[in-house]
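The structure appears right after this line, and notes come after that.
The values are calculated or read from the model by the stated rules, or taken from the named source; none is laboratory data. Quick caveat: nothing in here was measured; it's all calculated off a predicted structure. As a convention, Cβ positions derive from the backbone with ideal geometry for all residues, glycine included, and neighbour counts pool all protein chains shown.
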Amino acid sequence: MHEQLAQQARNVLVAAGTTEVPAEVRALAQESVGRAREAYARWVIGAEKGAKALEDVIGLARSSAKTVGEKAIANALANTEAAFNAADQLARARTLQEAAQLQVAFVQTQMETVGEQGKALFELSLGVAKNAADALTAITSSVDSDLKKVLA
């Protein structure tokens, strides 16, 4: 069986050695290779643009996460400082009534502060999410446009 296939292959090669490929077929093949190269070059450009855009989104996300984290840490530091100040005032209170008034005032102030901090952090997070969504939308649109050019 193997010998028969080998003999058939030799016969095809001998026959092909004397057969000329028509000029039109060669021209068509060369044109096809040229078009494939052009399409590939456009695809590479699109892929590079997509990779760069993705890097930009990742950078934006990293920067945004850092901003949100820094804000959360700043809030925690401010709240801790306020608690230490309140503790210092409580330690200096001369009566239980004065201590109770200081504690009530601290709790009320902290409740307002924490509410404002939470609202600000929520708004910051929403802004970060919107920026990321806008960037992803832009990338998707750009990649879609590039793919259409490649496929055209």
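Of all residues in the range 21-53, those being assigned to a helix (DSSP H, G or I) and either of a type outside the set (Gly, Ala, Ser) or more than 27 Å from ILE139 (Cβ to Cβ) (or both) number 23.
Residues are listed down the side, and each one gets a yes or a no for (1) surrounded by fewer than 10 Cβ atoms within 10 Å (Cβ to Cβ); (2) not basic (Lys, Arg):
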{"site": "LEU13", "(1), (2)": "yes, yes"}
{"site": "ARG42", "(1), (2)": "no, no"}
{"site": "GLY46", "(1), (2)": "no, yes"}
{"site": "GLU55", "(1), (2)": "no, yes"}
{"site": "LYS71", "(1), (2)": "no, no"}
{"site": "ASN85", "(1), (2)": "no, yes"}
{"site": "GLN97", "(1), (2)": "yes, yes"}
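Residues that are small (Gly, Ala, Ser) and surrounded by fewer than 10 Cβ atoms within 10 Å (Cβ to Cβ) were ranked within the range 17-40; the one that is nearest to the chain's Cα centre (by Cα) is ALA23.
Residue-level analysis places GLN108 outside the set of residues that are farther than 30 Å from LEU60 by Cβ, at pLDDT 95 or above and over 46 Å from the mean Cα position of the chain (by Cα).
Considering the range 109-123, the residues that are of a type in the set (A, V, I, L, M, F, W, C) and loosely packed, with under 11 Cβ neighbours inside 10 Å include one that is farthest from ALA78 (Cα to Cα), namely PHE122. Taking the listed residues ALA47, ALA76, the one that is under 24 Å from LEU126 (Cβ atoms) and of a type in the set (A, V, I, L, M) is ALA76, with no other qualifying.
List every residue pair whose Cβ atoms sit under 8 Å apart, with the two residues 6 or more apart in sequence or on different chains, where the first one lies in the range 66-83 and is touching a residue at least 60 places away in the same chain (Cβ under 8 Å) and the second, anywhere, is surrounded by 14 or more Cβ atoms within 10 Å (Cβ to Cβ) and small (Gly, Ala, Ser). From residues that are touching a residue at least 60 places away in the same chain (Cβ under 8 Å), the pairs are VAL68/SER125.
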